[in-house]
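Q: One structure coming up, written as structure tokens, with questions to follow.
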Amino acid sequence: MATTRGGIITGWGIGVPDNVVTNEDLSARMDTNDAWIRERTGIRERRIGGTTSQWAIEAGLAALERAGRRPDEIDAVILATTTPDQIIPATSATVQDGIGVPGGAFDVNAACSGFVYALTTAHGLLAIGAERLLVIGSETLSRVTDWDDRSVAILVGDGAGAVVLEAVDGPGQLLSWNLGADGSLRHLLKCDHGGFLYMNGKEIFRKAVRVVIDSAQKAITDAGLTADDIDLMVPHQANLRIISAACQRLGIPEEKAVVVIDRYGNTSSASIPLALADALDAGRLNKGDKVLLTGFGGGMTWASAVLHWGG
Ligand code: COA
């Protein structure tokens, strides 16, 4: 990638509800059970409650603290979300005000691929002069979920993850990116105004594995790497079986994939930054590591990026 100004992630943080909803809790209100949910999805529990701006602010403040930066040092807030607090204004406006960032603010909606779309967009802003950006993925999918519909209710969770991205001279961390969409598949996962989330789980499963492999493979190749070079994979957390299938077909050992779906469920655009923060807090990333972020979601959209950690 030809760029004279790149970005590095200098801080990260999360914000999640305290309220834990287990598979047993769901079994008490709908026809499902813990064994089925764990076997078919890998989910044990999820956090439920609050608002998208609330978790975004909490995650954003935590990321700033970790980066040792004040809100007034941030040029813009980029919020990936598919569950905004309102239609107008953008939820990033509430987050900008809540954190006290003097710069710009805008939302990105690419469903579950949103965080990687936002991170890629942020690198574009750094290339044209921005110094520091707050990139957040935050969702409250529970607010658009029919809690009597077991096909969706067992999957979703609420929360946010955030990173501070700072400009550096030279290429920075981002080695490659790949963004894609196929709007002819938009009927597979949707939520109309005032309605509930609908998904064709089987069809999404099939398509997701295909697009995520293709997108991840392109990003790895564009980075001048092979699957063997990837030290850590941070996949979208939609289903543990999708993560396993993607690892297998990409030739990346499953131990290299970060898994937080067991604790958080599918948090859409929050899932990749939540997983990244989890890996960083667990000390799973070392200087020089090559990190693959990859996800897919409604639209359909897909997005992958390869980072050179500490690069
Ligand atoms: N609890 C218990 N049983 C359930 C159930 C639930 N929540 N949901 C479905 N079942 C039953 C079905 O009725 C069916 O029973 P039958 O065999 O007697 O007909 C059986 O379990 C299998 O259902 P099926 O829908 O084929 O399950 P699946 O293996 O496809 O898993 C999903 C369903 C939703 C977990 C899976 O398709 C999936 O994860 N898809 C991708 C979703 C996704 O990624 N969404 C986010 C995109 S960002």
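Bear in mind that the values in this text are calculations on the coordinates, not laboratory data. On a predicted model such as this, the values are computed, not experimentally measured, just so you know. Backbone-built Cβ (ideal geometry, glycine too); neighbour counts: all protein chains shown.
Q: Which one of LEU307, ASN178, GLY6 is farthest out on the positive end of the charge dipole of the chain, using unit charges on Cβ (Lys, Arg +1; Asp, Glu -1) and the Cα centre as origin?
A: Most positive-ward Cα: ASN178.
Q: What is the distance in Å between the Cα centres of the range 194-233 and the range 43-57?
A: Measuring centre to centre over Cα atoms gives 24 Å.
Q: Does the chain come out rounded, prolate or oblate, given a ≥ b ≥ c as the square roots of the eigenvalues of its C-alpha gyration tensor, rounded meaning a/c under 1.5 and, failing that, prolate meaning a/b above b/c?
A: Oblate is the answer for the chain, as a/c is 1.5 or above yet b/c matches or exceeds a/b.
Q: With n ≥ 4 as the cut-off for DSSP H runs, can you work out [θ] at 222 nm for the chain, using -39500 (n - 2.57) per run divided by the number of residues, rounded to the nearest 500?
A: -10000 deg cm²/dmol
Q: Follow-up. Using unit Cβ charges (K, R positive; D, E negative) and no other charged atoms, how large, in debye to the nearest 20, is the dipole of the range 5-169 about its Cα centre?
A: Once rounded to the nearest 20, the dipole reads 280 debye.
Q: For VAL168, list long-range residues whose amide hydrogen, built 1.01 Å from N in the peptide plane, is under 5 Å from its own amide hydrogen.
A: GLY6, GLY7, ILE8
Q: Still on this structure: Could you tell me whether the range 85-127 comes out rounded, prolate or oblate from its Cα gyration tensor? Rule is a ≥ b ≥ c as square roots of the eigenvalues, rounded for a/c under 1.5, then prolate if a/b exceeds b/c, otherwise oblate.
A: Judged from the Cα gyration tensor, the range 85-127 comes out oblate (a/c at least 1.5, b/c at or above a/b).
Q: Okay, moving on. Given axes a ≥ b ≥ c from the Cα gyration tensor, I'd like to know whether the range 5-169 is rounded (a/c under 1.5), prolate (a/b larger than b/c) or oblate.
A: The shape class here is prolate.
Q: Between beta-carbons, use under 15 Å as the cut-off and find the net charge around LEU188, counting Lys and Arg +1, Asp and Glu -1.
A: With Lys, Arg at +1 and Asp, Glu at -1, the net is +3.
Q: Counting other C-beta atoms within 10 Å, and keeping those with at most 16, which DSSP coil trypsin sites (Lys or Arg not before Pro) do you find in the range 21-64?
A: For trypsin sites (Lys or Arg not before Pro) across the range 21-64 that sit outside H, G, I, E and B with at most 16 neighbouring Cβ atoms in 10 Å, the list reads ARG29.
Q: DSSP loop chymotrypsin sites (Phe, Trp or Tyr not before Pro) in the range 110-191 with at most 15 other Cβ atoms within 10 Å of their Cβ, which ones?
A: For chymotrypsin sites (Phe, Trp or Tyr not before Pro) across the range 110-191 that sit outside H, G, I, E and B with at most 15 neighbouring Cβ atoms in 10 Å, the list reads TRP147.
Q: Putting +1 on Lys and Arg Cβ atoms and -1 on Asp and Glu Cβ atoms, find which of SER215, GLY195, GLY298 reaches farthest to the positive end of the dipole of the range 174-308.
A: Of the options given, the answer is GLY195.
Q: Which value, in debye to the nearest 20, describes the size of the charge dipole of the chain about its Cα centre when Lys and Arg Cβ atoms bear +1, Asp and Glu Cβ atoms bear -1, and nothing else is charged?
A: Around 640 debye, computed over the chain.
Q: How large, in Å, is the range 186-311 by the Kirkwood hydrodynamic radius built from its alpha-carbon pairs?
A: 14.9 Å
Q: I've got another one for you. Ordered by residue, what ³J(HN,Hα) values in Hz, to whole numbers, does the range 4-19 give under the Karplus form 6.51 cos²θ - 1.76 cosθ + 1.60, where θ = phi - 60° and Gly and Pro are x?
A: 9, 10, x, x, 10, 7, 10, x, 8, x, 10, x, 9, x, 6, 5
Q: Run through every distinct alpha carbon pair of the range 114-207 and return the Kirkwood hydrodynamic radius in angstroms, one decimal place.
A: Values: mean 1/r = 0.0623 Å⁻¹.
Answer for the range 114-207: a Kirkwood hydrodynamic radius of 16.0 Å.
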